[in-house]
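Written below as structure tokens is the structure these notes are about.
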Amino acid sequence: MKKKSSAASVALKLLISLALLTVIFFKLDCSKAAELFRFSDPAWWAVALLTTFGAVMISAYKWQLILESQKVRVTVPMLTSSYFIGLFLNNFLPTSMGGDVFRAYDVARISGETPKAIASVIAERVLAMATLAVSAVAGLLFGFRMTGRFAWMVAFFCIGCGLLVWASLDIRWVGHLTRRISFINTDKIRLNVEEARSALQAPVRDRQTLACVLLLSVVFQAAVVAVHLAVFKALGINADMLFLMIFVPLVSAVSMLPISINGIGVNQGTSIVLYGAVGISATQATAQSLGFMLIVMLASLPGSLLLILRKLNREGPIS
């Protein structure tokens, strides 16, 4: 029954992605889009790709700090490997959660600390969302004359991020829920929930770790904005950094909604709406969105090699 439900969910997401892409491509000048890619600058593509690699390494180090606050010891190279594999799974599996599930599983396998492994991935995501909101606010403040008209979007986004952070870090409601549902009301589950709650709050209680993680999250978000800017530059499209500081978090947040395959269609549609407000055409916005997606997919390819190497190391050489 679960397999049928999962297959139906994937099929529905695929239909939504295809429907959105169909509507989008009917509005595009495909020859103009092809021309943007044909005459693009390879140097800027290289900058975008290298910056993406750098962002992954920053994330791995940030993840290690969170795990250390939970008294879990895993090396940065191991976490970097796990991150690349997770990124690969995110891009080539029909769900954006595949990579996070793998990363939690990988750390649990290495450390034997399943609740803490799961909590570390959630904590990293939650603190990253908080930084997305800070980035959007910074873009609004530093260029209010240009960006003030988007204040309501930023306010709505920040409220959503704030609620997400609160709900994730104060998960006593999960404990209340498990106590109310009799068939899962067991000592083992209560213990796991309490352990996960404590692990989730560990990086927040440790002020030094929290400061470092938030600083790295800011650097990571700056790198993501830089990748978007590099893709715009590669395609020969003028884009203002202040607008990107607002739009990139908003596009990222909307693309995370579990209504399509890896945000495909949703990402492009959101980009068209937002970038269109500052004079970037639908064709240019879609080309940039697809270009960014291509860079992320290329950056995730080392994950496939790492996954194969792990399989070979566990099973031995293929005879």
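What's the ranking of 68-81, 235-248 by average number of surrounding C-beta atoms within 10 Å, highest first?
Going by the mean number of other Cβ atoms within 10 Å, highest first, we get 235-248, 68-81.
Sorted by average packing, counted as other Cβ atoms within 10 angstrom per residue and highest first, what order do 281-289, 37-45, 14-22 take?
Put in order of decreasing packing, that is 281-289, 14-22, 37-45.
May I ask you to give the solvent-accessible area per residue for region 199-283, in square angstrom, as obtained with a 1.4 angstrom probe?
Heavy-atom accessible area per residue stands at 38 Å².
Before anything else, pin down the relative contact order of region 47-107: Cα pairs under 8 Å, at least 6 apart, normalised by residue count, whole percent.
So the answer I get is 26 percent.
Would you work out the Kirkwood radius for region 217-319? I mean one over the mean of 1/r across all pairs of different Cα atoms, in Å.
Over region 217-319, the inverse of the mean reciprocal pair distance is 15.2 Å.
Would you please classify the overall shape of region 8-123 from the alpha carbon gyration tensor, given that a ≥ b ≥ c denote the square roots of the eigenvalues, rounded means a/c under 1.5, and beyond that prolate means a/b larger than b/c while oblate covers the rest?
Oblate, because a/c is 1.5 or more while a/b does not exceed b/c.
Tell me, what is the percent relative contact order of region 199-297, built from C-alpha pairs under 8 Å that lie six or more residues apart?
Value for region 199-297: 21 percent.
Give a residue-ordered list of calculated ³J(HN,Hα) values for region 67-81 (Karplus: 6.51 cos²θ - 1.76 cosθ + 1.60, θ = phi - 60°; whole Hz; x for Gly, Pro).
5, 5, 5, 9, 6, 10, 9, 9, 6, 4, x, 5, 5, 4, 4
The values are calculated or read from the model by the stated rules, or taken from the named source; none is laboratory data. If you're wondering where the values come from, they're calculated on a predicted model, not measured in any experiment. Neighbour counts are summed over all protein chains in view; Cβ atoms, including those assigned to glycine, are modelled from backbone coordinates with ideal geometry. Accessible surface areas use protein heavy atoms only, side chains included; no ligands, DNA or RNA. Shrake-Rupley method; radii C 1.70, N 1.55, O 1.52, S 1.80 Å.
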